[in-house]
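Report on the following structure.
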Amino acid sequence: MKKLRLEEIVNLVDNNSIVADIGTDHGIVPYELIKNNIAKKVIASDISDKSLDKLREKLDFLDDSEKIVLKVADGLDKLEEYQVDTIVISGMGGNLIVDILNNNLSVAKSANSLILGANNSLYTLRKFLHENCFEIEKEVDLYENDKYYQIIKAKVGKEHFCDELEYEYGKFLIDNKSENLKKYLKEQLKIKENIIAQLCSDAQTISNNQQMAIDNLNDEIKNLEEVLDKIEI
C-alpha cells in the first residue's frame, strides 16, 4: 500500500470482522483487508457504479475476491442493522461523515466499531459522536504528503470531554503526547504568528476589521499554546 492513511485504517480493523467500506473509491482498504486475512467479508460501496470500476480491476489479482461485495449506495442507505461489525468512512469531510451517520443512525449504532478518517471538521465529528452516544476508543494521527490527518475509532457508549480543545485536537492524542500533533500545532502557531506580523506591517494604522482579525488570531494562538503545553509536559 502506498497511502499511509489507508494502512492505519486497515490496522484499526478487528480481525475476522465483516466490514463496510463507505465511499471505497479505489478499493484499497477492502483489497488489503481480504488479502491479509483481516476481514472475513467486505462490502465495498460507492455512490456511483463507475467509481467501483477501480476496485473491479483489482479483484483479478485477489484469490478470495468473492469475499468483497460491490454495492452502489449513498452512504449507509443499503446496509441493514447488524449486517456488519465495522463501518469505515474516510477520505471526506467531517460534516459529510456526520450526515452519513445521522441519516442511518440505527445502522451505525448496530456496528461494533466505526473507523472515521475525516479530512476536516473533527470538532464537529467528535461532538456528534458524543451527542449520539458513541465513545472514542482510539485515535491515530499521521502526516501524508505533508498534510496532517487524524483517524477516529469509535463504538457505542457514553462519554464527554470537559475541555472543548479536546474535541478540536483529540483527547487521546493530547494525553498520549502525539509527536505528529505536536508538529502540527507548532506549524499552526507559526502560520498564525506570520499572519499577525503581516497584518501589522501592511498598514500604518490598524483598522477595526484588522484588529478584530488580530484578536481572533491571538485567541487561536492561545488555544494552540495551551494544547502544546499539555503535550510537552
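Derivation of every value follows stated rules applied to the coordinates shown; laboratory data play no part. Here the structure is a predicted model, which means the values were calculated and not measured. Cβ coordinates were reconstructed from backbone atoms using ideal geometry, including for glycine residues, and neighbour counts include every protein chain displayed.
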Want the number for D99 to D25: 0.36 nm per residue separation, take away the alpha-carbon distance, what's left?
24.8 nm
Label point 7 Å beyond Cα of S48 along Cβ direction - residues of region 56-79 with amide nitrogen under 17 Å:
56-57, 71-75
Provide the gained length on full extension for the span V156 to L142, in nm with one decimal, where the gain is 0.36 nm per separating residue minus the Cα-Cα distance.
2.5 nm
Take E7, project a point 7 Å from its Cα along the Cβ direction, then tell me which residues of region 177-200 have their backbone nitrogen under 12 Å from it.
none
Sticking with the crude label model, points 7 Å out along Cα→Cβ, report the distance from I233 to N218 in nm, one decimal please.
2.6
Between D60 and D14, what length comes free when the chain is fully extended (0.36 nm per residue of separation minus the Cα-Cα distance, one decimal in nm)?
14.0 nm
Given unit charges at Cβ for Lys, Arg (+) and Asp, Glu (-), the dipole magnitude of the chain about its Cα centre in debye, nearest 20, is 400
Which of N16, N209, N95 fluctuates most in a GNM of the chain (C-alpha springs under 10 Å)? That residue is N209
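Can you give the alpha-carbon Rg of region 126-201 over 2.2 N^0.38 Å, where N counts its residues?
For region 126-201, the normalised Cα radius of gyration comes out at 1.33.
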Quick shape summary for the chain, equivalent ellipsoid via Cα gyration tensor, semi-axes whole Å in descending order, reads 38, 19, 17
For region 180-232, whose charge dipole is built from +1 on Lys and Arg Cβ atoms and -1 on Asp and Glu Cβ atoms, the candidate among T205, L189, I221 with its Cα farthest towards the positive end is L189
In the structure displayed, which of K78/K158; K67/K183; K3/K50; K155/K190 lie more than 31 Å apart, Cα to Cα?
K67/K183; K155/K190
Between A118, A73, A108, where does the largest GNM mean-square fluctuation fall for the chain, given springs only between Cα atoms within less than 10 Å?
A73
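Sorted by mean Cβ packing within 10 Å, highest first, what order do the peptides 153-166, 121-134 take?
121-134, 153-166
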If r is the Cβ-Cβ distance from N176 to E225 and R0 is 30 Å, what FRET efficiency results, to the nearest 0.05?
0.95
